[in-house]
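Everything below concerns the one structure shown next.
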Amino acid sequence: MRREGPGDAGRSGRTHAAEAAVPARTAAPYGGTAVDEHHGSPAAARFFGSSPHRGVLTSGSADQLAALTARAASAPSACVQFVEGEQLRLYGSWGVAADWDEVSHVDLETSLGGIVVRTGDTLAVTDALIDGRVPAGALREPGGAYLGYPVHDRMGMVLGVCCAYDTRPREWTSEQIAAVAEAAEVATLLIGEQLARHELEQQHRFLDAVLDSLHDGVAACDAAGRVVFVNERMRRLWGDSPVEDVTGLADGSGVPLLREELGLFRALRGEQVRDEPITVHGRSRRTRFFLMDAQPIRGRDGRVVGAVQAVQDVTRQRRAERFRSCELAVTTALAGAPSIEAAGPRVLEAVVATLDWVHAELWMVDDGTIRAAARWSTPGWPSGIPVPERLAYGQGLAGRAWQVDKPLWIRDVGRPQSLISPDTSADRLHTALAIPVHDGSGPIGVLTVFADSVEDPEDELVALMSGIAAHLGQFVERRRVEDLQLQLTRSKNEYLALIGHELRTPLTSISAYTELLREADEPTLVRDGPRLIAVIERNTNQLREIINELLELSALDAGHADVRRTPMDLAEVVRDVVDRARVAIDGAPVVIDADLPGELIVPGDRDRLRHIVEKLLGSAVRFSPDGGHVAVSLRSTGRTAELAVSDAAGDVPHAEREQLFTGHFRTARGNDRVLPGSGLGLTLSRAVVARHHGSIELTGGDAGTTVLVKLPLEVR
């Protein structure tokens, strides 16, 4: 071996002493048997973790300890080694000369340090050449002396070796052995202190990680009220403001909290706080709700040395409760309402109160537009928000939601091109949410709500509003079904009344005149037979007409009738009907006046429209008094053809006008004319006109009544 002086320390020159100090097993304290043949001591595992490092007993302090050991043992070299798996790792050295990479790790089984670790006792070798304890291959060169002492942890487990080494054989004095033992004890003390610090730091790290992972915000202060700890959740709750400086806090009833009323400072006074509700009004208007716990921290003498406070964010739970209350209020409002217009204000009131927003509107699709069916503003909110009565398809927020048929969240309606007119927002409304309302056939309306602050989109609010919109759609569909059921019942009753009235009259005449023919003698048959047969024939034709019209009306109502709309000259049809009617009433005290264009082409079913004109003209002739005039006019107005048939009878009262279209109502103002009626004229006319996408209505005054038919000039 090449000898190095005591001053030759450092990584560039490490000695074979490093090759003599690492165990393959970790011995029990002070010379016991091995406790683990593979993983080193438990203390070492706690100390180093899965990958040992030099951060606990630093290289500088280990080198200094090795230098002190060398001087105390009057040896040219010394080192400090620690157990690492099946090897000893060099942590500090003095006077070594071998290459660092070669001596930094040595095997426990083939090193002198391994003997110290296994036995847990002092190993003094005066001459390695003659000492039988020295493993084969432990030294690169023969000779030399070795003195090693185990380094323990606080529990007595062997962590490593503190050793002195001399390249020449020598005797170790008791003072030198004691010096190395004291150096090992110093290493044990250093290790113990570093382990304690390390474990304390680890505990702090674990505690910080646990507190930061909590869903509750936690803060602590010392006896003077200075905040000494705030976990991550509390920082997110309070922002960058110190806990004692947070503003916007209020108790459960909304009364602002003073500094001395905060949980930490109440706990410093010795008070226990449990599940106390508080509210926080942040920079935005959105209110958050918390439950607060706080308690004092007491020392061993019982005095208060600090306080800890925990707050749990229950905003989501409170909001869920309010959402349930809102759904209940909406359901209650819809349950007793006769129509969506009647239920709308109460529904909107529940929505506004739940969301803590300021304004809401309900829009319903109506005749190609969307109309404002209901609106509601929170009490105390400035009124005068202009809301248009109707919006076109795609116009405004409601019209656009109707068009795209999906929820729309507008973060700030005050910005340009936000779908809301500046007059409506007026720098008072900001966030808006629009939800389409559906029934079984598609969108039938839009529910819109507005806030007076800027809010980011929230899936929970969209889900709540979608649920309310679904309730509204189901209500409308349920009311429609109920109306259809009432209409079906009414139609059934109407048809029964019609059959009982209209069919009975011709049947009675047929039956009576048939009886007269059966009982008449031959002279009577010759004299009156033709007249009686004519009456029977007329009533039979009337009965056939009623049956045909009933079948036609039923087919139109059910959608089974085939209405073929092809271009036709309506003026020609009306002119032909008027000419035939004039011939039929020749000699009657009624005049038919006609104002018709030369031609008017409309898309329509020629035969059915002819039948309608005949029915309307026949009714006008029957109801006109003697000397009266029946007026028939036809003209085009914009995209519509207008056919007006007026009689000279008094005006039909408003209460009777709609009833005349029901099929079983007959006004008492009629006169017997040559053109008999079935009583179904207006009912059938409305059904046919509806299939042509037109309209029919009664108008008039004291001079007479007018039936006005409007038909589109273009195919829809």
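The values are calculated or read from the model by the stated rules, or taken from the named source; none is laboratory data. Only a predicted model underlies this, so the values are computations on that prediction, with no experimental measurement involved. Note: ideal-geometry Cβ built from the backbone for every residue, glycine included; neighbour counts use all protein chains shown. To get the accessible areas, we keep the full protein, side chains included, count just its heavy atoms, and leave off ligands, DNA and RNA. Shrake-Rupley method; radii C 1.70, N 1.55, O 1.52, S 1.80 Å.
State which residue is modelled with the lowest pLDDT when the search covers only region 611-661 and only residues that are surrounded by 15 or more Cβ atoms within 10 Å (Cβ to Cβ) and among the β-branched types (Val, Ile, Thr). Looking at residues that are surrounded by 15 or more Cβ atoms within 10 Å (Cβ to Cβ) and among the β-branched types (Val, Ile, Thr), I get VAL652.
The requirement of being of a type outside the set (Lys, Arg) and under 24 Å from ILE546 (Cα atoms) is not satisfied by SER633.
Could you please find all residues in region 61-85 being open to solvent by 40 Å² or more (accessible area, probe 1.4 Å) and out of contact with any Gly (no Cβ under 8 Å at 6 or more places or on another chain)? Passing the criteria: LEU68, ARG71, ALA72, SER74. Return yes when GLU271 is assigned to a loop (DSSP other than H, G, I, E, B) and at pLDDT 80 or above and no when it is not. Spelling it out, GLU271 is indeed assigned to a loop (DSSP other than H, G, I, E, B) and at pLDDT 80 or above.
Look at (1) farther than 22 Å from ALA66 by Cα; (2) touching a residue at least 40 places away in the same chain (Cβ under 8 Å) and you find that GLY144 fails only one, number (1). Meeting the requirement of 2 or more residues that are out of contact with any Lys or Arg (no Cβ under 9 Å at 6 or more places or on another chain), closer than 18 Å to THR705 by Cα and among the small types (Gly, Ala, Ser), the strands (runs of 3 or more DSSP E) wholly within region 568-648 are 628-637. Among residues of region 62-80 that are in contact (Cβ under 8 Å) with a residue 24 or more places away in the chain, those with a beta-carbon under 8 Å from a residue that is surrounded by fewer than 24 Cβ atoms within 10 Å (Cβ to Cβ) and among the aromatic types (Phe, Trp, Tyr) at least six positions away or on a different chain give the pairs ALA73/TRP172. The C-beta contact set for region 508-534 (first residue free of Cβ contacts under 8 Å to residues at least 24 places away in the same chain, second residue surrounded by 14 or more Cβ atoms within 10 Å (Cβ to Cβ) and part of a loop (DSSP other than H, G, I, E, B), distance under 9 angstrom, 6+ apart or interchain) comprises ARG527/ALA520; ASP528/ALA520; GLY529/ALA520; LEU532/ALA520. Restricting the search to strands (runs of 3 or more DSSP E) fully inside region 304-384 and requiring at least 1 residues that are buried (at least 17 other Cβ atoms within 10 Å of the Cβ) and of a type in the set (Asp, Glu) gives 304-313, 359-366.
Here region 107-156 is the region considered, the condition is being surrounded by 14 or more Cβ atoms within 10 Å (Cβ to Cβ) and at positive phi, and the residue that is nearest to the chain's Cα centre (by Cα) is GLY156. In the set VAL103, VAL96, only one residue is over 19 Å from GLN194 (Cα atoms) and modelled with pLDDT of 70 or more; that residue is VAL96. Residue count for region 177-219 under the criterion of being part of a helix (DSSP H, G or I) and either hydrophobic (A, V, I, L, M, F, W, C) or exposed (fewer than 12 other Cβ atoms within 10 Å of the Cβ) (or both): the result is 26.
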